[in-house]
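Contents: one structure, followed by commentary.
The values are calculated or read from the model by the stated rules, or taken from the named source; none is laboratory data. It should be emphasised that the depicted structure is a prediction, and the values quoted were computed from it without experimental measurement. In this analysis, Cβ positions are derived from the backbone assuming ideal geometry, glycine residues included, and neighbour counts consider all displayed protein chains.
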Amino acid sequence: MKRIALALVALVALFLAVVYWMGSGAAGDFWEEGEAVATPRSAESVSAGDAAQSEAALDVGVARPKQILFGDLHVHSTFSPDAFGMALPTAGGSGAKPISHACDYARYCSALDFWSINDHAVGLTPWKWEQTVEAIRQCEAISGGGSGADVTPFLGWEWTQMGTTPDNHYGHKNVIFRNLDDVPERPIAAASPIAGDSLDAPSPLLTGLLGVMDPSSATFDNLKFMRDIMTFPDCPPDLPVRDQPPGCRDAVKTPAELYTRLDDWGFESIVIPHGTSWGMYTPQGSSWDKQLVGEMHDPERQTLIEVFSGHGNSEEHRAWRAALVDAEGIATCPEPSPGFLPSCWRAGEIIAERCLAAGESDETCDARAEDARANYVAANVGGAVTVPGATLDDWLDANQCTDCFQPSFNHRPGGSVQYIMAIRNFDDPANPRRFEFGFMASSDNHTSRPGTGYKEYARLEMTEARISRAFESIGLRADLEKEKLPRSFTMAEVEESVPIFARNEQERSSSFFLTGGLIATHAEGRGRDAIWEAMDRKEVYGTSGPRILLWFDLLNPPGASSRTAPMGSNVALAETPIFQARAVGSFEQKPGCPESSHAALGPENIEAICGGECDHPSDTRRAITRIEVVRIRPQNRPEEPVSELIEDPWRVFPCDGDLAGCSVTFADPEFATAARDTLYYVRAIEAPSEAVGADALGCTRGEDGRCLSLDACIDRPESDDCLAETEERAWSSPIFVGFGRS
């Protein structure tokens, strides 16, 4: 018996040792960054595109056009934790998507002029950051570099901040560096806004059980990846960046601290906010007002803003809110308004319907509905889990902007670009502050695919629609209560039973992912410096994916009569401003890939990296149907209602359908009499075409316009790309016209 007992003890000890070994990540491998293809991109293909652009510019009367270059400044590889999770075979992914693939994709699949890597800084351990820098430098080397580069890669990361309340939420920002020769030793991540909160690593014995349940190489790679992040020590927060010990994670809580850290490093960089209206993680009632306070905004670094991405459109402001927050910070549920059904209100309707079906009295059910609304608001981004067993169909189109172009999920108007451009801070009444952003767009792709919007195909590969399944596969989504109870859960019940990462609406939001947008620069040449200087001038615009050509100029700026002021300019006038906008539609796409891409990548990589499709323009352009002008007059006093300051659209100019493009000239005769600072920007709208996820929920509506049932993208078969008709577009950067002063 003693021998048997000793043998059992030995077996248990061996089992625990194996579990510990697996849980420590020792059984897995890192997914390395790989090697990009060294074959140069066809010079003929680059020059052909430049020639077509010059011809189009002349057709709409642009006498001395700069080079319009297209790029994507928001790209993730599988060094990002969420991208890694989506790439796991258990999540339906196809394995590693290294930075080298992004270089290949930008050159041969999407045929971009420039791009940047922006993996989440929180996951960039020292080894991954070293690999990132080396991969971008390699891409630069094989692309030719300088003015002859076939693509220009930029180095960066994403500062991914998510607050728990409107007061401590600042959102996501991409940090991008001008040069590659001298770069920071480590990225700067976003620290949790909750004091003492950290990424504490669970015991390897606990995580090793995952390896016991699924002893696959993907599971072991996952355990190694997550262990590497969770055992990555934080840097001492009170040390300057160059005095921090090697091998630590630098993390800060606010934008002000981020700018201080970047100043410490001293390298030229820009900071680009994105996802400013995304409701998946933005607390209800959030607004951007606090980001104009003190050092929370750095106008020298934070110069551009992302209007559109694969997560949708953040441009448009609306007067409604998902929750109303008073001066004391108390949040309440608003009533429905035309075109908007708050989710908190819908929560009350769902509970009331169940309550009445259970035979309870009207009085009891009204009280439970009121409780449901309050519980939803109290849970903030986790509001949906306060309604047990609620399905996608139960929520209908609650919390969605039903009259916006391709809106972000649970659109937050207080973070919309229009709202941001309309507000001012009056802490110093003599010098009120405002944001003066240039507008851009990008993809936010998580499969190392910069510039995915050239064709609308392969929804689960070219968008992030797989994210809810990925989160489930790596244990960040719980099996929520399935019983449709006739009452809602309180916040205390949610905190007790639902992990924090499982509280937002991952599954519902998966219907809203798009292929993504592009940034376009009016540059003096193709090189790194020319691209950077165009961004520094804010002479940039964004598109929803197609390569629309757009020019927007002030024809009568002060100074020399022969000069015009392009988009992004900031001028002073006391007379009527006169503008000209010109736009040319993108080329229709041919199927497949050009021969030069096949020759460089080969058939296997054409399929694995490009998904079998590349940017392959025909000679036929799409028509521009109209040009819309938006006028915003920033606040002159703190209490001035923002909705009254945003005129969208202020003017609409129909185009005649000429495939050569559209040109309009207009003036603002009210500017001088209004005597206030004003900004103007234009949207060029293409003829309708089909796009992935363009009708995210597929609502069937009643005569009153209310959504009655859904055919949501997330419920479609994997082979269904969820195509629907939309109007692709380009957004110019504003022209800022100060009344009578510079």
- Query: For segment 273-306, what are the residues that are hydrophobic (A, V, I, L, M, F, W, C) and more than 22 Å from Pro166 (Cβ to Cβ)?
  - Reply: Leu304
- Message: Just checking, does segment 673-680 include any residue being under 19 Å from His317 (Cα atoms) and surrounded by fewer than 19 Cβ atoms within 10 Å (Cβ to Cβ)?
- Response: no
- Task: Would you mention how many residues in segment 35-88 are surrounded by fewer than 22 Cβ atoms within 10 Å (Cβ to Cβ) and closer than 22 Å to Met230 by Cα?
- Result: 2
- Message: Test of understanding: among Arg563, Arg537, which residue is within 23 Å of the chain's Cα centre (by Cα) and surrounded by fewer than 21 Cβ atoms within 10 Å (Cβ to Cβ)?
- Response: Arg537
- Message: Restricting to segment 53-108, give me the number of residues that are outside any loop (DSSP other than H, G, I, E, B) and touching a residue at least 24 places away in the same chain (Cβ under 8 Å).
- Response: 31
- Message: Condition first: aromatic (Phe, Trp, Tyr), part of a helix (DSSP H, G or I) and touching a Phe, Trp or Tyr at 6+ places or on another chain (Cβ under 8 Å). Now tell me which residues in segment 109-133 satisfy that.
- Response: Trp127
- Message: Report every pair of residues separated by at least 6 positions or lying on different chains whose Cβ atoms are under 6 Å apart, first residue within segment 315-337 and among the hydroxyl-bearing types (Ser, Thr, Tyr), second assigned to a strand (DSSP E or B) and surrounded by 12 or more Cβ atoms within 10 Å (Cβ to Cβ).
- Response: Thr332/Leu324
- Task: Return a yes/no flag: does segment 584-601 have any residue that is in a loop (DSSP other than H, G, I, E, B) and of a type in the set (A, V, I, L, M, F, W, C).
- Result: yes
- Message: Out of Thr543, Thr490, I need the residue that is crowded, with 21+ Cβ neighbours inside 10 Å and touching a residue at least 12 places away in the same chain (Cβ under 8 Å). Which one?
- Response: Thr543
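Table: residues versus (1) part of a loop (DSSP other than H, G, I, E, B); (2) of a type in the set (D, E, K, R).
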| site | (1), (2) |
| --- | --- |
| Leu262 | no, no |
| Phe267 | yes, no |
| Ile270 | no, no |
| Trp278 | yes, no |
| Pro283 | yes, no |
| Ser287 | yes, no |
| Asp298 | yes, yes |
| Arg301 | yes, yes |
- Task: State whether the residues of segment 409-430 include one that is buried (at least 24 other Cβ atoms within 10 Å of the Cβ), more than 18 Å from the chain's Cα centre (by Cα) and in a helix (DSSP H, G or I).
- Result: yes
- Item | Residues of segment 252-297 classified as within 19 Å of Asp536 (Cα to Cα) and either surrounded by 18 or more Cβ atoms within 10 Å (Cβ to Cβ) or in contact (Cβ under 8 Å) with a residue 12 or more places away in the chain (or both), total | 11
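Per-residue answers, yes or no, for (1) without any contact (Cβ under 8 Å) to a residue 24 or more places away in the chain; (2) under 18 Å from Lys484 (Cα atoms):
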| position | (1), (2) |
| --- | --- |
| Asn380 | no, no |
| Thr386 | no, yes |
| Phe409 | no, no |
| Gly414 | no, no |
| Asp427 | no, no |
| Ala430 | yes, no |
| Glu436 | no, no |
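Just to verify a result, which residue in segment 465-487, among those that are assigned to a loop (DSSP other than H, G, I, E, B) and modelled with pLDDT of 65 or more, is surrounded by the fewest Cβ atoms within 10 Å (Cβ to Cβ)?
It comes out as Glu483.
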- Those residues of segment 140-155 which are buried (at least 22 other Cβ atoms within 10 Å of the Cβ) and more than 21 Å from Glu44 (Cβ to Cβ) amount to Pro153, Phe154, Leu155
- Query: Name the helices (runs of 4 or more DSSP H) wholly within segment 315-401 that hold at least 2 residues that are aliphatic (A, V, I, L, M) and over 21 Å from Ala712 (Cα atoms)?
  - Reply: 343-357, 362-379
- Is there a residue in segment 565-572 that is outside any strand (DSSP E or B), more than 21 Å from Cys655 (Cβ to Cβ) and β-branched (Val, Ile, Thr)? no
- Query: For segment 721-742, how many residues are modelled with pLDDT of 95 or more, surrounded by fewer than 21 Cβ atoms within 10 Å (Cβ to Cβ) and not in a strand (DSSP E or B)?
  - Reply: 1
- Query: Only one of Ala372, Ala352, Ala347 is in contact with a helix residue (DSSP H, G or I) (Cβ under 6 Å, 6 or more places away or on another chain), touching a residue at least 12 places away in the same chain (Cβ under 8 Å), closer than 28 Å to Val642 by Cβ and not acidic (Asp, Glu); which?
  - Reply: Ala347
- Task: Please list, ordered by first then second residue, the pairs with beta carbon atoms under 8 Å, 6 or more apart or interchain, first in segment 14-34 and under 25 Å from Ser77 (Cβ atoms) and surrounded by fewer than 16 Cβ atoms within 10 Å (Cβ to Cβ), second of a type in the set (Ser, Thr, Tyr) and modelled with pLDDT of 70 or more.
- Result: Asp29/Ser217
